[in-house]
Structures are given as structure tokens and as C-alpha cells.
Amino acid sequence: MALSIDGDHVLAGQRRVALREFPRHVEWCHLQNVPRTHELEAAGAELRRSAFPDEQLSQFIRDVCQWGGYAGVRGRILKNNSIEVIRQRFGQALAALDVDPVTADSIRPALTSALCAVNQLRDLGRPSFASKHLRFLCPVLSPVLDSIIADEYGYPLSPEGYGDYAADCLRVASRLRLERVENPMSRVENAWFAGDVDMAVFALVALWSR
């Protein structure tokens, strides 16, 4: 049931999706149904550049939780973890993702380690919201693994399942770049990220692309 590539198609659960259809699924997923995806990616990039200043970090957590549909999670995260500890855990996660060269095989253990670092934070101990924060801190490598994706595609809701899902998304992203498939996310040199692939396959489950 997991994602795999079959010629010019991706096998996604019970679906067989043409690579050329991925732009439509991305467009109808977060770009049409979930606002602020571009804005939050920019906020994540700025946090990395500025070493996670307190006010921006708090705002980022609030916005990611709101993007994920549960803004109230932010209050529990900030109540039960100091800003300094949050900064440390996010820094550890990004350090784990500093992999060279980046391949699907190398990124599996790296994403597992990154998710484990974020999971040490109270109220971010499950893959869903922990992976949502990783998705905006490092969208090139990080998808979102929640119960919807897990149930549809058979990935365990665990750090190891997240590593497997991220690696598969990265394989699909590499193939989309190789085939020069246009990306509605307007990446430099039309790059595809693991986070973009996740947007498309989530849209398939949500039936937004019908």
C-alpha cells in the first residue's frame, strides 16, 4: 500500500496516479484548501536563518498548529515546554537532517532521528503535529505523517514509519524533477520537495482532487 513508482505513474495505496497529474493534486490540496502553506515555509526558513528567536518561534508554533487544524495544541506545547527546550529540540532535528549526499536511503534514518528529537517535547509526542513542524522547518525532506496517511498507505505511526514515508516521498519527488513535471509550488528550477509530494497524496485521500 505504500508509495512506489511504476513507470510514469505512482502507486499510492489502491490508486495509480500519473506523474503528470501531481500538479493538479498539489493545486487542489494545500494551495486551494489549506491556506498559508507558502507563508509558513517562508517562516520556517527565516527561523532557521535567525536561530529561532523567542517571539518568532512561538508564533511559528501557533501558526503550524492552526494550519494543522488544531490551534489549541500550541497552548499546551508552550505551557509544557520552555522556549529554550523547544529551540534545542528543533535544532537537534535539523542537525539530524544535515545529510550529504541526500538520498532516499540516507534520509530514512535521518528523518527517524529528527522526529524522535521533536517527539521529546511534551504534547508533540506523536508523529502528526511533530511532523507538521518538521514539514515547515525542512520541506525539502519532510512530509506530514498523520492518521489519515497512515491508514490509507500503511505507514506505521512511529518514527520508523515516518522515515519510510519520507524516503518514499523523496523518491517520488526525485522522479518528478527528472521528468520535469511542473510544480505549482513555484520552486527554484521547478524543484519538487518531499513536502510537495505529501500534499498531493493527502489530496488523493481527502478527495479534494475529484
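Things worth noting here:
- Any helices (runs of 4 or more DSSP H) falling wholly within segment 1-61 and containing at least 2 residues that are under 18 Å from residue 148 (Cα atoms): 22-28, 30-33
- Apart from one condition, residue 8 fits all of (1) touching a residue at least 60 places away in the same chain (Cβ under 8 Å); (2) touching a Ser or Thr at 6+ places or on another chain (Cβ under 9 Å); (3) of a type in the set (D, E, K, R); the exception is (2).
- Residues in segment 145-172 that are of a type in the set (Val, Ile, Thr) and open to solvent by 10 Å² or more (accessible area, probe 1.4 Å): 148 only.
- Single condition residue 192 does not satisfy, out of (1) assigned to a helix (DSSP H, G or I); (2) crowded, with 24+ Cβ neighbours inside 10 Å: (1)
- Restricting attention to segment 40-97, the residues that are in contact (Cβ under 8 Å) with a residue 12 or more places away in the chain, under 30 Å from residue 27 (Cα atoms) and exposed (fewer than 15 other Cβ atoms within 10 Å of the Cβ) add up to 4.
- Taking segment 68-78 as the range and being touching a Lys or Arg at 6+ places or on another chain (Cβ under 6 Å) and in a helix (DSSP H, G or I) as the test, only 74 passes.
The values are calculated or read from the model by the stated rules, or taken from the named source; none is laboratory data. Quantities reported herein were computed from a predicted structural model and do not represent experimental measurements. No Cβ is skipped: glycine too gets one built from the backbone with ideal geometry, and neighbour counts run over all protein chains shown. These area figures cover heavy atoms from the full protein model, side chains too; ligands, DNA and RNA do not enter into them. Shrake-Rupley method; radii C 1.70, N 1.55, O 1.52, S 1.80 Å.
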